[in-house]
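Before any comments, here is the structure.
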Amino acid sequence: MPFRDRTHAGQELALRLVEWADSGDLLNLLVLAMPPGGVPVAAEVARALHAPLDVLVALEISTPIRPRTAIGAVVADDPPLYDRQSLAMMHLSEDRLGDVVARERNELHRREYVYRGRRPLPSVNGRTVVLVDDGLATGLTATAALRYLRRHGPARLIMAVPVGSPRTTAAIGRECDDVVCLEQPPSLHTVGEWYEDFGQVSDTRITNTLQRFHATA
C-alpha cells in the first residue's frame, strides 16, 4: 500500500504541488478540502504551500434501495448533479428524489455550520484554487464541487488527490484546469484499499485542523 494514512498521502501530494509553486504557477492560492477525508490530506498541502485552508462540503445522494451506491451529489445550494445512467438502471426520476435531496442538503448545511460557523466560504474569484480529497472513485462529489467553484470565477482550478481510478481521473480533468493524481491503479474498487489506515475523520479533528489555518475571504 502506497500510503500509511491520509497525513502521509497529503505529504506525498504536497511534494508534487510544491514543484508547481516553485515555478510560480500557483498564485494567490487557496486550498479547499472536501471533508471529511480530504481535510487531513489538504492540511499537509496547505502547510507545505503556506496557503490558507478551508472546506467545501459536498455530499453523495443515494437511495434506500442501494444505500452504498451513489447516484448523485449536492454542494451548497446548487441543483443536484445526477449520474443519469444509475438513475435509468434503478428506474428513478429526479422528482422522486426530492425528499432524499432535502435530507442530504440539510446535513450538508449542518456540516458547514459545524466546520465554519457563520463564516462564508472564502472568495475564489481570480485565485488559484486547489481542491483536495483523499481519492477519486465515482467522482460525483468532486464533479459537483468543481462545477460549483468554476461558476465563481477562479483564475485556475486544480483537483489534487493521492489516488484515483484512471477513468474517473480523466473525466475530472474535463472539469478543471489540471489534475494531480499520484496513483492511478487499473482497477480501483475503493479508495480505502490504498491506505493502511483509512479510519473515520471526526468533526472535532476537522474543526481543530481548520482552526490552525485561517483562510481569508
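Summarising the strand pairing of the chain, around 25 percent of its internal DSSP beta bridges are antiparallel. Listing Arg68, Arg96 from fewest to most neighbouring C-beta atoms within 10 Å gives Arg68, Arg96. The value for region 121-168 of Rg(Cα) / (2.2 N^0.38 Å) is 1.16.
Ignoring everything except DSSP H segments at least 4 long, calculate the 222 nm mean residue ellipticity for the chain; use -39,500 (n - 2.57) per segment, divide by total residues, nearest 500. Please list the in-between numbers first.
Values: 7 runs with 82 residues, N = 217.
Counting only the DSSP helices, I get -11500 deg cm²/dmol.
For the pair Phe213 and Ala170, what calculated FRET efficiency results from E = 1/(1 + (r/R0)^6), where r is the Cβ-Cβ distance and R0 = 35 Å, to the nearest 0.05? Show your work: numbers first, answer last.
On the way: r = 31 Å, r/R0 = 0.88.
Calculated value: 0.70.
Fully extending the segment from Glu193 to Gln85, taken as 0.36 nm per residue of separation minus the present Cα-Cα distance, adds 36.3 nm.
Compute the convex hull volume of the Cα atoms of region 10-121, divide it by the residue count, and report the result per residue in Å³ as a whole number. Numbers along the way, then the final one.
Numbers: hull volume 15.1 nm³, N = 112.
Hull volume over Cα atoms, normalised by residue count, gives 134 Å³.
With all projection directions averaged, the alpha carbon convex hull of region 88-200 covers 9.0 nm². Placing R0 at 22 angstrom, the Cβ-Cβ distance between Tyr113 and Asp5 gives a FRET efficiency of 0.20 after rounding to 0.05.
Each of the peptides 29-36, 58-65 was scored by the mean count of other Cβ atoms within 10 Å over its residues; in descending order, highest first, they stand as 29-36, 58-65.
Simple point charges give the picture: +1 on the Cβ of Lys and Arg, -1 on the Cβ of Asp and Glu, and for region 60-114 a dipole about the Cα centre of about 240 debye. Computed from the C-alpha gyration tensor, the three semi-axes of the ellipsoid equivalent to region 60-114 are 20, 11, 9 Å, from longest to shortest.
Shown here are the Rg and Dmax of the Cα trace of the chain, at 16.5, 50 Å.
Read-outs: derived from the displayed coordinates by stated rules, not from any lab. Note that the structure is a prediction, hence the values are computed from the model and not measured. All Cβ positions, glycine included, derive from the backbone under ideal geometry; neighbour counts span all protein chains shown.
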